[in-house]
Each structure stands twice: as structure tokens, then as C-alpha cells.
Amino acid sequence: MPVTKISFIKCDDYGKADNAVREAVRLLGCISAFISPSEKILIKPNLLSPKDPSKAITTHPEIVRAVIKLVKEAGAVPAVGDSPGGAIRNIKNLWETTQMERICREENVELINFEASSSKEFDINDKNIKKVNFSNAALDCDGIINLPKLKTHALMSFSAGIKNLYGLVPGLMKVEYHKYASKNKDFADLLTNIYLFFKDKIRFTLIDGILSMEGNGPSAGEVRKTDLIAASRDTAVLDAYLLNELNYDISNSGILKNLKITKDILKTVEVSGEKPESFNLKKFKFPSVRKLDLFPKSLIRIFGKFLWVKADINEKICVKCMLCARACPAGAIRAAAGNQYPHIDAEKCISCFCCHEMCPHKAVKFKKSMLAKIFIKEN
Ligand code: SF4
Ligand code: SF4
């Protein structure tokens, strides 16, 4: 079986990211092993929403800067781009708040607006969605360097290398596809197919886990200092290896199941740099809602009707910005008559949790059935 190389580098401060990123890539075989002179390389961070990098929702700008420098040193032409959550309209504000605008200006690198540049449709063999739109920025470049954030995700449990590629779908199409892939299994299939479509273009994936997000991510969780930069040419094996280090049973990941990645494959991984056990990864908290996945299917069949978790809006926190309504693929959120707070129509809701992901104020909570309250404890 071929060996997959992964590098694990300790870095306790984004001020030291340049050295740490360099070392992570050097241990995989140097930047020139991945990139040739004159190539156009798209650097793809996670820019989910307009939040300061200290919130651990977006890839830190110093990680992006370090990779820009490496790409330039290899004689290639870098550009940076990502499409934020579908409901986000003000791209300029996103770029400023996440500090991408500053970094790209200082490094004299193009920052691409996926929403303004065109896209093309492809059939990616997904059973739920006939054709998927991808940004031309991702299609026209020679290679992609994938820079995800290490985070949890309410629908998928985990958001790292493969989940980060969903940002190659521009704007509101992401919301549209969620309508047909609202369940964990269907979204896992879609993400798997997107990954397979771009797999050969990804030169390497480097995960920003200096500050990570645990709990109810990808935006409403808690920041955790994990001091980690992890990189590999193989995005899927890197995700699997990290999940395993976080004590998550990888057989519960629909994406990894689709890709036939098992614990046996992890035995072939060659890790260089620091020992994985020297990082603060133990007892990492996963989204409470995903504990439903751990229930035996037989019990779900019997008690499924009484075992549910739904999105619920806390009006004490909500500021009525209605971003959740724009992010809802089912059109289930409306301003309620009278007080104008958003209201979720339970009949229409498909439990995709996009509203939870996009709410900038952590006002979307998880409401549990009586039975779910017994079995699912908050972290
Ligand atoms: S729940 Fe969140 S996203 Fe929705 S209106 Fe309230 S604050 Fe805005
Ligand atoms: S209300 Fe929230 S969980 Fe329900 S369909 Fe809309 S976005 Fe998804």
C-alpha cells in the first residue's frame, strides 16, 4: 500500500506562522515538488463569514500570507479566493474583517471575488443534484492549495479539507444545493463528489489548527487553542487522520465511508514533525446534534419520530438581521407578524442547520425532543 505523508507542526502564535508553514511543506518534500514555475495557483482559505480571525471561523491571514510567499518562491502566480456562506452579500466587508484584503494588498496578490467572476456547470455524478456550478477561478487555475480551518460542523461533524471545497461553488448556489442535500448522508455524497472532481488539482491541503473551533461549529462553537498546522498531499487521508486523533470514530463519516478510508489505511500514514499526541487534541468537543448519528439504526427506526433536534431562534439574542432567512434553502424562515423576529416553519424545515451556520450572533440554537434530551447531553 502506498505511504501517505502528513506533517504535524507545532505553532503557538500566528506571528510564527511563516516558519511553521514552511516546515510543514518542507517535510512533505518542498514547495517545488508541488508547484512549477509560471503556474496559476488558487489559494483557497475558509472565508465562511465576516469575522475577525481570532474567532477561529476563518483561515488566519498569516497562514495565507505564508503560502503566498511559498508559491511566489516557486516562481508561480498565486491568487486568493473563496465564496463565503451563500447568504453573505457584502464581499468587501468580508475581505476587510477577515483581513484577506490587507494581506493580498501587502503581498500584491489578486483576491478573487467568486460571486462576480463567472462559473460553469458540471455533471459530477451526484444522485441528488444533476449539475453543480463551480467558480471559473477554480476551473481555470493550474492548481489549488487548500487552506481549511480545523472546525466542527453541525451537519457534518467536522469541517476541514474536504468540506472546505464547498466554497468552490459560488454564492447562493450553495444554498440551493442544500435543498437537495440537507441530510448528513446526502451532503456527504455531494462533498465527496466535489472532492473527486477537484482531487487531481489539489496540490496539497494545509489545515490551520493554531486556533480551532470545537462544540457547535462551524461558527457558533468555542475557540480552542490547538497550536497545530497539519499538511498533506492527500486531503482525504489528512482529514481522516486528524479526525482519528480527535477521537472521532471515522467509520461514522459519510465522506470517508464513500472514499473507503478506514482505520487500516491510517496505518500506512507516515507522520513527520511533532508527534500527534503532543497536541491539545484530546476530548475535542463535537456538535451535540451529531450524537444522533451514534444511535443504532434499529433504535432510530423505532423511535425516530420522537428523536429529533431542530433549529430554534433565541429572540433574546437575535438582532433581526434576517441572514438566517437568506441562508435557508427551504424558505422556512419568515419574519413573524407583529414583532418581526424570524420564525421557523417546522413543516417546511429540512433540518440542514444552515441558519445555525450563518447566524452571526449565535442566536440559532438546537431544540431537542424529550427523548433527544435524555440521550443527547450538551458538551
Ligand atoms: S437568528 Fe441570527 S441570523 Fe437570524 S435574524 Fe436573528 S441574529 Fe440574524
Ligand atoms: S430553518 Fe434552518 S435548519 Fe430549517 S431548513 Fe431553514 S436553514 Fe435549514
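Coordinate-derived values only; no laboratory data. This one's a predicted model, so the numbers in the text were calculated from it and none came from an experiment. Every residue, glycine as well, gets a Cβ built from its backbone with ideal geometry; the counts of neighbours run over all protein chains shown.
Name the shape class, rounded, prolate or oblate, that the alpha-carbon gyration tensor gives for the stretch 10-99, where a ≥ b ≥ c are the square roots of its eigenvalues, rounded holds for a/c under 1.5, and otherwise prolate holds if a/b is larger than b/c and oblate otherwise.
oblate
What angle, in degrees between 0 and 90 and rounded to the nearest 10, separates the Cα long axis of helix 235-245 from the longest principal axis of the Cα atoms of the chain?
70
Checking the a/c ratio against 1.5 first, then a/b against b/c, what shape does the Cα gyration tensor give for the stretch 216-304?
oblate
When the helix-only estimate is applied to the chain (DSSP H runs of n ≥ 4, each -39,500 (n - 2.57), divided by the residue count), what is the mean residue ellipticity at 222 nm, nearest 500 deg cm²/dmol?
Only helices count here, giving -8000 deg cm²/dmol.
Starting with the fewest neighbours, write out Phe286, Phe366 ranked by other beta-carbon atoms found within 10 Å of each beta-carbon.
If I rank by nearby Cβ atoms, fewest first, I get Phe366, Phe286.
For each of Val271, Val67, Val223, count neighbouring Cβ atoms within 10 Å of the residue's Cβ, then give the residues from fewest to most.
Result, fewest neighbours first: Val223, Val271, Val67.
Cα gyration tensor of the stretch 4-278, axes a ≥ b ≥ c as square roots of the eigenvalues: rounded (a/c below 1.5), prolate (a/b > b/c) or oblate?
Here the stretch 4-278 falls in the rounded category.
Which Cα, out of Leu190, Ala220, Ile210, lies furthest along the positive dipole direction of the stretch 152-222 (beta carbon charges, K/R +1, D/E -1)?
Of the candidates, Leu190 comes out farthest on the positive side.
Order 305-314, 74-83, 95-104 from most to least packed using the mean count of other Cβ atoms within 10 Å.
74-83, 95-104, 305-314
Applying the Karplus parametrisation 6.51 cos²θ - 1.76 cosθ + 1.60 with θ = phi - 60° to the phi angles of the stretch 188-197, what ³J(HN,Hα) value in whole Hz is obtained for each residue in order, glycine and proline being reported as x?
Per-residue couplings from phi come out as 4, 5, 4, 5, 4, 5, 5, 4, 5, 5 Hz.
Go through the stretch 18-31 residue by residue and turn each phi into a ³J(HN,Hα) via Karplus (6.51, -1.76, 1.60, θ = phi - 60°); whole Hz please, and just put x for glycine and proline.
Per-residue couplings from phi come out as 4, 5, 5, 5, 4, 5, 4, 6, 4, 5, 8, x, 6, 4 Hz.
Based only on other Cβ atoms within 10 Å, what is the fewest-to-most ordering of Met322, Met213, Met370?
Arranged by neighbour count, lowest to highest, Met322, Met213, Met370 become Met370, Met322, Met213.
If you take every DSSP beta bridge whose two residues both sit in the chain, what share of them, in percent to the nearest 5, is antiparallel?
55
Along the charge dipole of the stretch 288-375, which of Cys318, His361, Ile302 sits closest to the positive end, that is, farthest toward it, with unit charges on the beta carbon of Lys, Arg, Asp and Glu (+1, +1, -1, -1)?
It is Ile302.
Using Cα atoms only, what is the angle between the long axis of helix 61-73 and the major principal axis of the chain, expressed in degrees (0 to 90) to the nearest 10?
Once rounded, one gets 30 degrees.
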